[in-house]
Amino acid sequence: VIIVLLGAPGAGKGTQGDFLIEKYNFTKLSTGDVLRSEIKLNTDLGNKVKEIMASGALVPEEVVNAIISTRLTADAINNGVILDGYPRNKAQLGFLLDHLRKLGMEKELLVLDISVEEDELAARLTGRRICKACGASYHVTFRPEQQSGICDRCGGEIIQRADDNIESVRNRLLVYRKETQPLLDEFASIGNLESISGMRSAEQVKAEIQKIIENKEEKSL
Ligand SMILES: [Zn+2]
């Protein structure tokens, strides 16, 4: 299976991705990680990417596509892959579908969209706090520290990150919606989109995702 996990900031995508990796031993493929590892491995593509990055330019689409496709082999997909940060636009989605078609594996694509209402996302994100010293994360409502302003773990100072204020959160959500809506429409028309309500506990969301994946595996046997 090849999973595209969608969800606005604060929807719980990270938590669910980690759960899938742990539960099914899926591999996570993130564009940034893959580019960094190609550079480290000194491959031809890696050297090209290094040059482009050193010049301060963005890595061109076709290079990102080429690198992603070398990792998306039939074996990797059979073992299970989670895509992170890819596809980001319609052009990348088109390339991905083409690649899967060539492998005869287009049916393996599963898009999970965790949807959470905007006000709830704003509450989750603006309530986040972190320890300045050790990075431990807290939340004013869902996970408050024992002694106000002091980290339970290390005694460090607990702060709010600058970009977790309401204006910046609203803006991030707006950008997400603008980037993702065209992809959602496209996925819906292909017919492999599963919408999951994220307005519940992480455990309930996990259980539903697990059910969807196990149904899919049964069908493909
Ligand atoms: Zn701390």
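The values are calculated or read from the model by the stated rules, or taken from the named source; none is laboratory data. All of these numbers come straight from a predicted model, not from anything done at the bench. As a convention, Cβ positions derive from the backbone with ideal geometry for all residues, glycine included, and neighbour counts pool all protein chains shown. We work out accessible area using only protein heavy atoms, side chains counted, and drop any ligands, DNA or RNA first. Shrake-Rupley method; radii C 1.70, N 1.55, O 1.52, S 1.80 Å.
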Go through (1) over 30 Å from residue 129 (Cβ atoms); (2) within 20 Å of the chain's Cα centre (by Cα); (3) not in a helix (DSSP H, G or I) one by one and return the number of the condition residue 57 breaks. (2)
So, in region 116-156, of the ones that are in a loop (DSSP other than H, G, I, E, B) and either among the aliphatic types (A, V, I, L, M) or closer than 16 Å to residue 200 by Cα (or both), which residue ends up farthest from the ligand (Cβ to nearest atom)? 117
Identify all residues within region 180-221 that are part of a strand (DSSP E or B) and surrounded by fewer than 16 Cβ atoms within 10 Å (Cβ to Cβ); write none if there are none. 195, 197
Is there a residue in region 84-97 that is touching a residue at least 24 places away in the same chain (Cβ under 8 Å) and either assigned to a strand (DSSP E or B) or within 16 Å of the ligand (Cβ to nearest atom) (or both)? yes
Under the condition of being more than 8 Å from the ligand (Cβ to nearest atom) and in a strand (DSSP E or B), which residue from region 157-169 is least open to solvent (accessible area, probe 1.4 Å)? 159
As an exercise: evaluate residue 177 against (1) open to solvent by 80 Å² or more (accessible area, probe 1.4 Å); (2) free of Cβ contacts under 8 Å to residues at least 24 places away in the same chain and give the number of the one condition it does not meet. (2)
Check residue 48 against each of (1) buried (at least 16 other Cβ atoms within 10 Å of the Cβ); (2) over 20 Å from the mean Cα position of the chain (by Cα); (3) within 18 Å of residue 84 (Cα to Cα) and name the one condition it does not meet. (3)
Report, ordered by the first and then the second residue, all pairs with beta carbons closer than 7 Å, sequence separation of six or more or different chains, a first member in region 118-145 that is closer than 18 Å to residue 198 by Cα, and a second member that is among the basic types (Lys, Arg) and outside any loop (DSSP other than H, G, I, E, B). 122/170; 139/128; 139/129
May I ask you to list the residues in region 134-155 that are open to solvent by 80 Å² or more (accessible area, probe 1.4 Å) and in contact with an Asp or Glu (Cβ under 7 Å, 6 or more places away or on another chain)? 146
Among the candidates 77, 3, residue that is aliphatic (A, V, I, L, M), touching a residue at least 60 places away in the same chain (Cβ under 8 Å) and within 30 Å of residue 199 (Cβ to Cβ): 3
